[in-house]
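K.L.:
One structure follows; several queries about it will come next.
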Amino acid sequence: MTRQPNILVIIADQLAWRALPAYGNTIARTPNIDRIARKAVSFSECYTPCPLCQPARAAFWTSRYPHETGVLSNGRRHYVPTIPTTMSTLGELFRDAGYAATHFGKQHDAGSLRGFAIEPSGRLPVATEPAWPVNRDTLQDRYATVKTVNWLLSYGDDAPYITVADLQNPHDICWWVGENAGTHTDVPIDGPLPPLPGNFEDADLDQRPRPIQYICCSHNRLSQAAPWTEENYRHYLAAYYHYLARVDAEIGLILDALEAHGDAENTLIVFMADHGDGMASHRMVTKQVSFIEETTRVPFMVAGPSHLVTGHSTVAAPISLLDLVPTLCDLAGIQPASEFRGSSLRPWLEGTPSEAPHPYVASEWHTEWGFTISPGRMIRTPRYKYTRYLEGNGEELYDLVNDPGETRTLIHDLDHAAALATHRNLLAEHLLTTQDPFLSLSWEAAPRWRSHAPGYQNHRGPAAPMVGG
Ligand code: ZN
């Protein structure tokens with residue numbers, strides 16, 4: 001019998017799919033992520049179950065939606081439970097199957113890392129540069145990388161392992177935005193500034209749901225960027241690529257250790273991110289409320305032994321991070337009794353079947369910290385993205401084949417009325433089959449946070465979390 005594969009899961013935090021050369025980006029330099037991509041089946045339409053750290057993580061470690069794990073936020077004023085003990089986690093499933101299961105780096109898991117031996121996180125120093133003086137996540141990545149490398153190099157047991165290197169960058173961009181809040185002069189950088197994306201401005205903001213029109217009021221980072229000039233946004237993109245290069249370098253050290261140890265041939269490598277980043281699309285920085293491609297669509301690559309994963313190829317069909325657990329169980333020959341919302345991507349790793357893995361994938365938004373609450377749902381089919389928010393019964397519909405930048409919502413476009421009806425039905429069906437209480441939830445935003453003319457440019461002063469709601 002073939003020995004079960006070792007599995008190395010490498011996670012980046014806040015990494016949009018479109019930031020990567022592997023998915024067509026021509027500005028970023030990520031030689032080490034490219035090393036994985038060259039051997040991997042890369043999924044180009046992978047979606048997070050929630051564009052926010054903790055709800056996404058609790059969901060993808062269990063293959064259950066946020067409304068099922070109960071982890072809907074990052075905490076503060078909004079209560080975060082530990083995930084139910086009845087829910088199986090990736091760590092438990094592999095530990096119980098005899099794997100050595102170890103986790104390094106960022107946790108933020110609300111109990112969903114159960115089963116892994118969790119190495120406490122720490123910090124190691126790195127040099128600071130004037131244009132990017134913020135290094136909170138970078139210090140932790142240094143530490144997590146050193147720990148992962150040492151562990152990989154010294155592993156000598158007979159049991160197969162599953163090891164997670166849970167890295168945080170380019171998440172340092174969040175703190176960088178805070179450092180550059182409001183009107184400011186940028187620190188010059190070497191070389192050209194990245195251009196603004198084609199979808200920087202939304203011409204039809206008046207037609208978008210109210211929680212989207214007032215994103216700037218919902219979160220400190222977005223209000224901090226509200227008065228930025230185009231030049232400021234371009235420096236933000238330069239900083240984003242800087243933090244991406246930092247995490248890429250750490251990934252290179254981890255890949256080197258894997259190769260040096262000599263068991264790379266029998267090791268599956270998964271590379272993914274928990275959620276993306278606005279990257280100046282729709283004037284968005286960081287992530288929040290909306291389901292735009294940049295914050296919701298993430299990299300997902302699987303490389304591995306040739307009997308499990310075919311060579312370099314791309315699957316362009318919607319999948320979800322909820323597919324992680326069922327896929328890894330399938331590849332390792334583990335047959336869990338648990339119910340998963342995702343499904344195994346094994347057939348697409350072995351070759352490319354003609355049918356798509358899913359008729360649609362879904363994502364959810366609730367709140368980050370409970371200061372504004374904007375329940376929303378996204379349904380993504382091969383051609384369209386449909387969203388629905390409770391506040392004002394707001395909806396969006398985008399034709400991603402003809403409008404990949406989501407520059408025009410088709411919600412009032414009669415030519416797409418049939419697609420709208422189909423997607424409304426898909427959402428209704430999804431709520432029913434996943435027992436999602438979405439329609440009975442409540443939205444919450446004080447009148448103050450809906451008081452200016454819609455749009456970032458009209459925002460003045462703080463956002464709800466900065467004054468406590
Ligand atoms: Zn505002």
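The values are calculated or read from the model by the stated rules, or taken from the named source; none is laboratory data. As the structure is a computational prediction, the values presented were derived from the model and not from experiment. Here the Cβ positions follow ideal geometry from the backbone for every residue, glycine too, while neighbour counts run over all protein chains shown. Surface areas here come from the heavy atoms of the whole protein model, side chains and all, with no ligands, DNA or RNA. Shrake-Rupley method; radii C 1.70, N 1.55, O 1.52, S 1.80 Å.
K.L.:
Among the numbered conditions (1) modelled with pLDDT of 95 or more; (2) among the hydroxyl-bearing types (Ser, Thr, Tyr); (3) assigned to a loop (DSSP other than H, G, I, E, B), tell me where Thr327 comes up short.
P.N.:
Looking at each condition in turn, Thr327 falls short on (3).
K.L.:
In contact (Cβ under 8 Å) with a residue 40 or more places away in the chain, closer than 30 Å to Tyr241 by Cβ and surrounded by fewer than 23 Cβ atoms within 10 Å (Cβ to Cβ): does that describe Ser290?
P.N.:
Judged against the criteria, Ser290 is not a match.
K.L.:
Scan the range 111-145 for residues that are free of Cβ contacts under 8 Å to residues at least 40 places away in the same chain and in contact with a Gly (Cβ under 9 Å, 6 or more places away or on another chain) and jot them down.
P.N.:
Arg114, Gly115, Ala117, Ile118, Glu119, Ser121, Leu139, Gln140, Tyr143
K.L.:
Here's a follow-up. Being buried (at least 22 other Cβ atoms within 10 Å of the Cβ), part of a loop (DSSP other than H, G, I, E, B), acidic (Asp, Glu) and touching a residue at least 60 places away in the same chain (Cβ under 8 Å) is the requirement here; does Glu364 meet it?
P.N.:
So Glu364 fails the test.
K.L.:
If you go through the range 1-53 one residue at a time, how many are open to solvent by less than 20 Å² (accessible area, probe 1.4 Å) and outside any loop (DSSP other than H, G, I, E, B)?
P.N.:
19
K.L.:
Scan the range 220-241 residue by residue and report those that are more than 10 Å from the ligand (Cβ to nearest atom), closer than 18 Å to Ile292 by Cα and either open to solvent by less than 20 Å² (accessible area, probe 1.4 Å) or touching a Leu at 6+ places or on another chain (Cβ under 6 Å) (or both).
P.N.:
Hits for the range 220-241 are Ala225, Tyr233, Leu237, Tyr240.
K.L.:
Same structure again: Out of everything in the range 420-465 that is part of a helix (DSSP H, G or I) and more than 27 Å from the chain's Cα centre (by Cα), what residue ends up being nearest to the ligand (Cβ to nearest atom)?
P.N.:
That would be Asn458.
K.L.:
If you don't mind, there's one more thing I want to ask. Only one of (1) over 30 Å from Arg77 (Cβ atoms); (2) open to solvent by less than 10 Å² (accessible area, probe 1.4 Å) fails for Arg246. Which number is that?
P.N.:
All conditions are met except number (2).
K.L.:
Can you tell me which condition Arg383 does not meet? The list is (1) at pLDDT 95 or above; (2) within 25 Å of Met87 (Cα to Cα); (3) not polar (S, T, N, Q), and all the others hold.
P.N.:
Checking Arg383 against (1) at pLDDT 95 or above; (2) within 25 Å of Met87 (Cα to Cα); (3) not polar (S, T, N, Q), the one that fails is (2).
K.L.:
Something else: So, of the residues in the range 96-121 that are part of a loop (DSSP other than H, G, I, E, B) and surrounded by fewer than 14 Cβ atoms within 10 Å (Cβ to Cβ), which turns out to be modelled with the lowest pLDDT?
P.N.:
Among them, the one singled out is Pro120.
K.L.:
Which of (1) within 16 Å of the ligand (Cβ to nearest atom); (2) under 22 Å from the mean Cα position of the chain (by Cα); (3) in a loop (DSSP other than H, G, I, E, B) does Ile212 not meet, given it meets every other one?
P.N.:
The number of the failed condition is (3).
K.L.:
Could you look through the range 367-388, keep only residues that are in a loop (DSSP other than H, G, I, E, B) and of a type in the set (Val, Ile, Thr), and pick out the one that is farthest from His307 (Cα to Cα)?
P.N.:
Among those that are in a loop (DSSP other than H, G, I, E, B) and of a type in the set (Val, Ile, Thr), it is Thr372.
K.L.:
Among the residues that make up the range 141-149, is at least one of them out of contact with any helix residue (DSSP H, G or I) (no Cβ under 7 Å at 6 or more places or on another chain) and not in a helix (DSSP H, G or I)?
P.N.:
no
K.L.:
Considering the range 156-180 alone, what residues qualify as being surrounded by fewer than 16 Cβ atoms within 10 Å (Cβ to Cβ) and over 21 Å from the mean Cα position of the chain (by Cα)?
P.N.:
Gly156, Asp157, Asp158, Ala159, Glu179
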